[in-house]
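Participant: This structure is in structure tokens; I'll ask about it shortly.
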Amino acid sequence: MSNEIDFDELLSKYKSDPFDYVDVFAVHTGRVTFKVVEGEEVNAPSGEWLQVPGTQLYEINRERNPKIIAARTNGTVAKIHSELDGQFVEAGEKLLTIKHPLKKKEIIENILKEVLLLFPAPESAKYFFAMDIQSRIDKKGARAVTIDQGEEILTMSLMKRDTPVYYQGPRGVIHSIYFKQGVSVAQGEPLIGICAPEKLPIIQKIITRVKADWDTDH
């Protein structure tokens, strides 16, 4: 985390373009048929238990086994690779991009991810806090827990094997937690965001500025 944070530059970036651009990829190989067009609004899953599925984005058919893929976020279809419609695609090929309007809370989280030191998942697996760390979080809350280089902070559960994960980075407090314990996390996705103790007031200043500068209370 850098010593100097340019608040105005960070905020003006989101003021001028308060959106996330969410790419949607082919879930597996197969023939693609699009269900949306550019400029169309799409909805995320809704309902108390998210029982109402999102807008259908595309169908992918492999060996006469069609599968409908629905939107996981709301927004507008900003770009669609229409040349792939009706074509056979490989798993992971980019099909379309959704322009998602950011809420105030999401803007704060995005900015924090830029200024915090992110500790990524070393492998695609389920993660749990180490017992000592979990005990300290339960007693004081995550932001009162300071971790040091080389300290065991997590347990990685993969293929029924539990492996300790050690923190590599400068001393800091656990400011943000990005995973749910026991839920699979993809390799490289952030698990926690670390902040040097002396930087906590700066982080709070960022949050205060965003809350003051954005009109909507989402």
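Participant: Over the range 104-213, what is the mean sequence separation of C-alpha contacts under 8 Å (at least six apart), divided by residue count, expressed as relative contact order in percent?
Facilitator: 34 percent.
Participant: Same structure again: Could you give the length gained on full extension between PHE7 and VAL27, defined as 0.36 nm per residue of separation minus the Cα-Cα distance, in nm?
Facilitator: The PHE7-VAL27 span can extend by a further 3.4 nm.
Participant: Oh, and also: Please give the length that would be gained between ILE68 and ASP85 if that part of the chain were fully extended, namely 0.36 nm times their separation in residues minus their C-alpha to C-alpha distance (nm, one decimal).
Facilitator: 4.7 nm
Participant: Turning to a different aspect of this structure: Can you tell me the order of 171-182, 18-29 when each peptide is scored by its average per-residue count of other Cβ atoms within 10 angstrom, highest first?
Facilitator: In descending order of packing, they fall as 171-182, 18-29.
Participant: I would also like to ask the following. Using a Förster distance of 30 angstrom, determine the FRET efficiency expected from the C-beta separation of TYR166 and LEU200, and round it to 0.05.
Facilitator: 0.80
Participant: Follow-up. With a 1.4 Å probe and all protein chains kept in place, how do LEU117, LEU95, LEU10 rank by accessible area, largest first?
Facilitator: The ranking, largest first, comes out as LEU117, LEU10, LEU95.
Participant: How far, in nm, would the chain grow between SER46 and TYR178 when pulled straight, counting 0.36 nm per residue and subtracting the alpha carbon separation?
Facilitator: Between SER46 and TYR178, full extension yields an extra 45.4 nm.
Participant: Where does helix 131-140 land angle-wise versus the long Cα axis of the chain, in degrees 0 to 90, nearest 10?
Facilitator: Approximately 80 degrees, to the nearest ten.
Participant: Helix 104-115 against the longest principal axis of the chain: what's the angle in degrees, Cα atoms only, rounded to the nearest 10?
Facilitator: Long axis of 104-115 versus the principal axis of the chain: about 60 degrees.
Participant: Give me, ordered by chain and number, the residues 5 or more places off GLU151 or on other chains with an amide H under 5 Å from its own placed amide H.
Facilitator: Under 5 Å from the amide H of GLU151 lie the amide H atoms of TYR167, each far enough along the sequence or on another chain.
Participant: Count charges around ILE60 for me, please; just the other residues with Cβ under 13 Å from its Cβ, Lys/Arg as +1, Asp/Glu as -1.
Facilitator: Neighbour charge sum, excluding ILE60 itself: 0.
Participant: Taking the Cβ of HIS81 as the center, what net charge do the other residues with Cβ under 9 Å away carry, scoring Lys and Arg +1 and Asp and Glu -1?
Facilitator: The answer is -1.
Participant: Around ILE192, which amide H atoms from residues at least 5 apart in sequence, or from another chain, sit under 5 Å from its own amide H, with H modelled in the peptide plane?
Facilitator: PHE119, TYR178
Participant: Follow-up question, since we're still on this one. Which aspartates and glutamates, on any chain, are close to LYS126 with Cα under 15 Å apart, when same-chain ones fewer than 8 places away are left out?
Facilitator: ASP162, GLU189
Participant: Among the listed pairs LYS35/LYS113; LYS15/LYS180; LYS15/LYS35; LYS79/LYS205; LYS13/LYS205, give every one whose C-alpha distance is greater than 24 Å.
Facilitator: LYS35/LYS113; LYS15/LYS180; LYS15/LYS35; LYS79/LYS205
Participant: Past 30 Å, Cα to Cα: identify those pairs from LYS99/LYS199; LYS160/LYS199; LYS140/LYS211, in the order given.
Facilitator: Pairs exceeding the cut-off: LYS99/LYS199; LYS160/LYS199.
The values are calculated or read from the model by the stated rules, or taken from the named source; none is laboratory data. Model, not experiment: these values are computed from the prediction. Please note: Cβ atoms are built from the backbone with ideal geometry, for glycine as well, and neighbour counts cover all protein chains shown. Accessible surface areas use protein heavy atoms only, side chains included; no ligands, DNA or RNA. Shrake-Rupley method; radii C 1.70, N 1.55, O 1.52, S 1.80 Å.
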